[in-house]
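Novice: After the structure tokens below, expect a handful of questions from me.
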Amino acid sequence: MSAQEQLLLQIADDELVLGWRNSEWTGIAPVLEEDVAFSSIAQNEIGHARALYQLLSEDADALAFDRRPEEYSCSPLAELRFVPDWGRTIARHVLYEAADRLRIEQLKASDDPDVAGLAGKIDREEVYHRLHAEMWADRLREEPRYREALDELWPYAVAMLEPDLQEGLAAHFGRDLPSNNLLQGLERGSHVEDWPALWEEMTMVRRSVAGATW
Amino acid sequence: MGAARDPRRSGVIYEVFRQERKGQAFEHAGSVAAPDAAFADAYAHEQYGRRGESVALWVVPRDAIREIEDFPDELGKNYHRVDGYSLKVKLKEARERAGTAAPPDR
Amino acid sequence: MSREQEFLEYVQAGGAVEVDDWMPDEYRQKLIKFIEMHANSELMGVLPEREWILRAPTLQRKLALTAKVQDEVGHAQLIYRVVEDLGKPREQCLADLISGKSKFHNVFHYPTSTWGDVGVIAWLVDAAAIISQKALLKCSYAPYARIMKKICWEESFHILHGRDVILTMMLGTDEQRGLVQEALDRWWEPLMMFHGNPIDAKDDPVVQWRIKTQGNEEARQQFLDGYVPQIRELGLTVPDPKLRKRDDGVWEYTEPDWDVLRSVVTGHGPMTAERLEFRRMSREETAWVRHAILAEAA
């Protein structure tokens with residue numbers, strides 16, 4: 001797999017897992033109208049994952065679901081389970097959208113027209129995500145829960161990006177980059193504790209009848 | 001308009017009007033509860049447009065809308081309506097006078 | 001003629017009632033209760049299905065299921081807004097739902113076990129619901145009739161999605177076909193109870209006021225007429241040996257135990273307590289958010 005393909009797979013895995021984490025709020029979001037809106041964001045993310053997997057493989061479903069848990073390259077930030085904590089959910093949303101924007105921006109400049117084209121489409125959908133994140137960030141600005149969550153998740157957000165984009169993220173948030181020992185254990189490949197259980201559940205139906213069409 | 005001013009309800013109510021296709025009228029579609037206009041826009045956008053069912057929306061605080069329902073017509077003002085004009089009899093007489101009356105079985 | 005009598009004749013003649021119109025207290029109360037139960041059902045219906053979003057075996061199914069469940073939450077929003085405009089605030093509705101004071105439809109008190117359930121629910125439970133919902137398009141209370149249009153439009157993809165899931169499994173392996181039949185076996189009885197026990201129209205105020213324009217038995221017959229052929233043509237067996245269509249077009253079936261329906265709907269279903277507790281806990285955990293964003297709103 002080329003370096004670019006690896007990056008695309010990382011983004012796809014992030015979006016797949018984050019899409020699922022966000023869809024965990026379906027039916028139990030703080031406000032009904034927000035429930036509907038947030039679900040659209042989750043669907044977009046799963047849709048982005050699908051489009052990226054389709055770029056990488058003839059069989060996007062196989063790529064999405066048939067790997068061993070250790071073969072997934074999602075970042076811990078996407079994997080963390082926050083329901084029913086809305087403060088941390090929004091903190092992650094704000095951090096993730098900003099970080100994702102930086103790497104999508106990079107992909108938009110790709111030599112490969114398929115990659116650049118898809119990055120453009122993803123970017124246009126994520127305009128709405130960013131507006132939504134900013135809207136909530138504005139409302140929760142003074143909330144201790146939210147501020148603490150931002151502090152807690154900051155190293156995770158940094159660890160999500162390649163080193164060349166980390167400065168950009170720090171500049172965007174007006175924060176300092178965490179020291180290396182704070183980033184230890186947060187890099188891709190070091191999955192969160194309940195990742196194996198999450199993988200089990202995510203693949204249980206698919207594995208129940210091997211090779212079946214669903 | 002409903003209970004617009006009850007403080008127990010969930011936030012400010014915004015009415016949503018949707019246009020299904022360019023050229024069509026905006027029709028009232030429903031309402032969302034939201035803390036402010038930005039949230040109302042986001043919520044209306046998803047509730048009334050996530051499936052491409054609308055090309056445009058108007059989002060308006062309920063308090064900005066006034067309803068008018070009282071249209072008295074006590075003295076039968078049919079002079080400026082189509083139902084105030086029955087020309088059948090006069091037309092028949094005019095045709096007879098001009099000799100242009102159509103045979104009855106046509 | 002009393003004002004109540006005038007109103008009754010007005011709605012029975014097909015008259016539409018708007019939110020600020022005068023209405024008898026009894027009409028308002030029955031209306032709120034009826035509509036609130038619908039909203040509660042949409043919201044509770046989300047819970048059995050949401051677990052399967054994670055477990056969906058393909059990306060398309062994951063997306064479709066998320067969108068379906070999103071619609072249900074959206075329907076709850078639409079309907080609670082109608083209730084609120086009639087005078088009962090959303091917070092009160094949700095509190096009554098969680099405390100068990102208000103009801104939701106029987107089918108949402110049952111567990112789901114397999115992907116077969118996902119298909120059967122989207123195909124048959126939604127089909128049963130849409131029959132009632134189409135009848136509500138003619139509800140005398142206009143704001144509710146109007147939102148039913150959007151609801152019916154959105155439900156149309158749910159049924160197609162459900163049928164697609166089922167058809168794919170029926171074209172698959174013996175194991176997959178087994179999942180579908182097994183799910184059907186478990187869901188048939190709740191489905192037969194869904195439209196409620198038969199009540200004479202003249203004894204049903206909700207029908208008299210034209211809040212409901214279709215009797216329970218009529219809805220059930222419509223469901224059987226539409227869906228038993230669809231079930232059988234796939235080679236599936238409906239688990240009721242007495243089920244048959246008479247020469248006069250009426251479906252005969254094993255009479256459900258209406259005491260079971262009553263028991264379930266009054267809060268004694270297999271999953272009732274767990275799901276209400278889940279709702280209660282989520283609301284409690286997110287109460288601070290509502291205070292944070294609504295503090296300046298009123």
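Novice: Return the total of residues in region A:44-57 being surrounded by fewer than 21 Cβ atoms within 10 Å (Cβ to Cβ) and within 7 Å of chain C (Cβ to nearest Cβ).
Specialist: Selection size over region A:44-57: 1.
Novice: Quick one: which helices (runs of 4 or more DSSP H) sit completely within region A:95-214 and have at least 3 residues that are more than 14 Å from chain C (Cβ to nearest Cβ) and farther than 17 Å from A:ASP13 by Cα?
Specialist: Qualifying helices (runs of 4 or more DSSP H): A:113-140, A:144-160, A:163-173, A:180-183.
Novice: Which pairs do you get when a residue that is among the basic types (Lys, Arg), found in region C:202-213, comes within reach of a residue that is in a loop (DSSP other than H, G, I, E, B), reach meaning Cβ atoms under 6 angstrom, with the pair 6+ apart or on two chains?
Specialist: That search, which allows pairs on different chains as well, returns C:ARG210/C:SER140.
Novice: Modelled with pLDDT of 95 or more, exposed (fewer than 15 other Cβ atoms within 10 Å of the Cβ) and aromatic (Phe, Trp, Tyr) - does that describe any residue in region C:256-279?
Specialist: Yes, the conditions are met somewhere in region C:256-279.
Novice: Quick check on region C:242-251. Is at least one of its residues surrounded by 11 or more Cβ atoms within 10 Å (Cβ to Cβ), charged (D, E, K, R) and closer than 27 Å to C:PHE104 by Cα?
Specialist: no
Novice: Let me ask something additional. Within 30 Å of C:HIS291 (Cβ to Cβ), away from chain A (no Cβ under 14 Å) and not hydrophobic (A, V, I, L, M, F, W, C): does that describe B:PRO61?
Specialist: On the way: within 30 Å of C:HIS291 (Cβ to Cβ): yes; away from chain A (no Cβ under 14 Å): yes; not hydrophobic (A, V, I, L, M, F, W, C): yes.
It is true that B:PRO61 is within 30 Å of C:HIS291 (Cβ to Cβ), away from chain A (no Cβ under 14 Å) and not hydrophobic (A, V, I, L, M, F, W, C).
Novice: Quick one: which residue in B:VAL32, B:VAL60 is in a strand (DSSP E or B), farther than 22 Å from A:SER40 by Cβ and at pLDDT 95 or above? Give the steps one after another, and end with the answer.
Specialist: Details: B:VAL32 fails: farther than 22 Å from A:SER40 by Cβ.
Step by step, each of B:VAL32, B:VAL60 is checked, and only B:VAL60 is in a strand (DSSP E or B), farther than 22 Å from A:SER40 by Cβ and at pLDDT 95 or above.
Novice: Got a number for residues in region A:137-175 being touching a residue at least 24 places away in the same chain (Cβ under 8 Å) and under 25 Å from A:ILE104 (Cα atoms)? Explain how you work it out, then say what you get.
Specialist: Here is the first cut: in region A:137-175, the residues touching a residue at least 24 places away in the same chain (Cβ under 8 Å) are A:137, A:140, A:143, A:145-146, A:148-150, A:152-162, A:165, A:168-169, A:172-173.
Within this subset, residues satisfying the condition of being under 25 Å from A:ILE104 (Cα atoms) are A:137, A:149-150, A:152-162, A:165, A:168-169, A:172-173.
Of the residues in that region, 19 qualify.
Novice: Give A:GLU33, A:GLU24 a once-over and let me know the one that is in contact with a strand residue (DSSP E or B) (Cβ under 6 Å, 6 or more places away or on another chain), facing chain C (nearest Cβ under 9 Å) and either without any contact (Cβ under 8 Å) to a residue 12 or more places away in the chain or not basic (Lys, Arg) (or both).
Specialist: Values: A:GLU24 fails: in contact with a strand residue (DSSP E or B) (Cβ under 6 Å, 6 or more places away or on another chain).
Being in contact with a strand residue (DSSP E or B) (Cβ under 6 Å, 6 or more places away or on another chain), facing chain C (nearest Cβ under 9 Å) and either without any contact (Cβ under 8 Å) to a residue 12 or more places away in the chain or not basic (Lys, Arg) (or both) holds for just one of A:GLU33, A:GLU24, which is A:GLU33.
Novice: Of all residues in region C:243-276 being closer than 27 Å to C:PRO229 by Cβ and basic (Lys, Arg), which is farthest from the other protein chains (Cβ to nearest Cβ)?
Specialist: C:ARG246
One line per residue, one yes/no per condition, for (1) of a type outside the set (Gly, Ala, Ser); (2) touching a residue at least 60 places away in the same chain (Cβ under 8 Å); (3) within 13 Å of another protein chain (Cβ to nearest Cβ):
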{"site": "B:ALA37", "(1), (2), (3)": "no, no, yes"}
{"site": "B:ALA40", "(1), (2), (3)": "no, no, yes"}
{"site": "B:GLU46", "(1), (2), (3)": "yes, no, yes"}
{"site": "B:GLY52", "(1), (2), (3)": "no, no, yes"}
{"site": "B:TYR85", "(1), (2), (3)": "yes, no, no"}
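Novice: Restricting attention to region A:1-38, and to residues there that are among the polar types (S, T, N, Q) and not in a helix (DSSP H, G or I), which single residue is surrounded by the fewest Cβ atoms within 10 Å (Cβ to Cβ)? Walk me through it before giving the result.
Specialist: First, the residues of region A:1-38 that are among the polar types (S, T, N, Q): A:2, A:4, A:6, A:10, A:22-23, A:26.
Within this subset, residues satisfying the condition of being not in a helix (DSSP H, G or I) are A:2, A:26.
Working: A:SER2: 8, A:THR26: 24.
So the residue we want is A:SER2.
Novice: Can I ask one more? Against the conditions (1) modelled with pLDDT of 95 or more; (2) within 30 Å of C:VAL289 (Cα to Cα), where does A:ASP194 fall short? Just the number, please.
Specialist: So A:ASP194 meets the others, but not (1).
Novice: Condition test on C:PRO48, is it modelled with pLDDT under 95 and part of a helix (DSSP H, G or I)?
Specialist: Numbers: modelled with pLDDT under 95: yes; part of a helix (DSSP H, G or I): yes.
For C:PRO48, the condition - modelled with pLDDT under 95 and part of a helix (DSSP H, G or I) - is met.
Novice: Name the one entry in C:ARG279, C:ARG283, C:ARG210 that is of a type in the set (Lys, Arg), away from every other protein chain (no Cβ under 14 Å), under 30 Å from C:ARG90 (Cα atoms) and out of contact with any His (no Cβ under 6 Å at 6 or more places or on another chain).
Specialist: C:ARG210
Novice: Looking at C:ARG177, C:ARG186, which one is surrounded by 15 or more Cβ atoms within 10 Å (Cβ to Cβ) and away from chain A (no Cβ under 14 Å)? Steps first, please.
Specialist: On the way: C:ARG177 fails: away from chain A (no Cβ under 14 Å).
From the options C:ARG177, C:ARG186, the qualifying one is C:ARG186.
Novice: What is the one condition in (1) of a type in the set (Phe, Trp, Tyr); (2) assigned to a helix (DSSP H, G or I); (3) more than 20 Å from A:GLU33 (Cβ to Cβ); (4) within 14 Å of chain B (Cβ to nearest Cβ) that C:TYR80 does not satisfy?
Specialist: (3)
Novice: Mind checking which residues of region A:88-130 are exposed (fewer than 15 other Cβ atoms within 10 Å of the Cβ) and among the aliphatic types (A, V, I, L, M)?
Specialist: Correct list: A:ALA109, A:ALA116, A:VAL127.
Novice: Report yes if some residue within region C:52-66 is away from chain B (no Cβ under 12 Å), more than 26 Å from A:VAL31 (Cβ to Cβ), under 19 Å from the mean Cα position of the chain (by Cα) and touching a residue at least 60 places away in the same chain (Cβ under 8 Å); otherwise report no.
Specialist: Taking every residue of region C:52-66 in turn, none turns out to be away from chain B (no Cβ under 12 Å), more than 26 Å from A:VAL31 (Cβ to Cβ), under 19 Å from the mean Cα position of the chain (by Cα) and touching a residue at least 60 places away in the same chain (Cβ under 8 Å).
Novice: Looking at the structure I just gave you, is C:ARG244 more than 30 Å from B:ASP36 (Cβ to Cβ), in contact with a strand residue (DSSP E or B) (Cβ under 8 Å, 6 or more places away or on another chain) and without any contact (Cβ under 8 Å) to a residue 12 or more places away in the chain? Please lay out each step first, then the result.
Specialist: On the way: more than 30 Å from B:ASP36 (Cβ to Cβ): yes; in contact with a strand residue (DSSP E or B) (Cβ under 8 Å, 6 or more places away or on another chain): yes; without any contact (Cβ under 8 Å) to a residue 12 or more places away in the chain: yes.
The answer is yes for C:ARG244.
Novice: Kindly list the number of the only condition in (1) more than 11 Å from chain C (Cβ to nearest Cβ); (2) farther than 19 Å from A:GLU105 by Cβ; (3) of a type in the set (Gly, Ala, Ser) that fails for A:ALA3.
Specialist: Only one criterion is unmet by A:ALA3, namely (2).
Novice: When the residues of region B:15-41 are narrowed to those that are small (Gly, Ala, Ser) and touching a strand residue (DSSP E or B) at 6+ places or on another chain (Cβ under 8 Å), which ends up farthest from C:LYS150 (Cα to Cα)?
Specialist: Filtering first and then ranking leaves B:ALA37.
Novice: Something else about it: Looking only at region C:1-45, which residues are under 30 Å from C:GLY162 (Cα atoms) and in a loop (DSSP other than H, G, I, E, B)?
Specialist: none
Novice: If you go through region C:9-31 one residue at a time, how many are surrounded by fewer than 19 Cβ atoms within 10 Å (Cβ to Cβ) and either within 14 Å of chain A (Cβ to nearest Cβ) or aliphatic (A, V, I, L, M) (or both)?
Specialist: So in region C:9-31, the residues surrounded by fewer than 19 Cβ atoms within 10 Å (Cβ to Cβ) come out as C:9-10, C:12-16, C:18-22, C:24-26, C:28-30.
Right, trim to either within 14 Å of chain A (Cβ to nearest Cβ) or aliphatic (A, V, I, L, M) (or both) and you get C:13, C:16, C:19.
Going through region C:9-31 one residue at a time, the tally reaches 3.
Novice: Within region C:53-71, can one find any residue that is over 30 Å from C:GLY178 (Cβ atoms), at pLDDT 95 or above and in a helix (DSSP H, G or I)? Lay out the reasoning, then the answer.
Specialist: Pass one, region C:53-71, residues over 30 Å from C:GLY178 (Cβ atoms): C:70.
Among the residues that remain, those that are also at pLDDT 95 or above are: C:70.
This time we only want the ones that are in a helix (DSSP H, G or I), so: C:70.
The answer is yes, given that some residue of region C:53-71 is over 30 Å from C:GLY178 (Cβ atoms), at pLDDT 95 or above and in a helix (DSSP H, G or I).
Novice: Given (1) modelled with pLDDT under 95; (2) touching a Pro at 6+ places or on another chain (Cβ under 6 Å), identify the lone condition not met by A:PRO69.
Specialist: (1)
Novice: If you scan region A:58-72, which residues turn out to be part of a loop (DSSP other than H, G, I, E, B) and surrounded by 15 or more Cβ atoms within 10 Å (Cβ to Cβ)?
Specialist: Filtering region A:58-72 down to residues part of a loop (DSSP other than H, G, I, E, B) leaves A:58-59, A:66-68, A:72.
Matches in region A:58-72: A:ARG67, A:TYR72.
The values are calculated or read from the model by the stated rules, or taken from the named source; none is laboratory data. Please read these numbers as outputs of a predicted model, since none were measured by experiment. Virtual Cβ from ideal backbone geometry, glycine too; neighbours counted across all protein chains shown.
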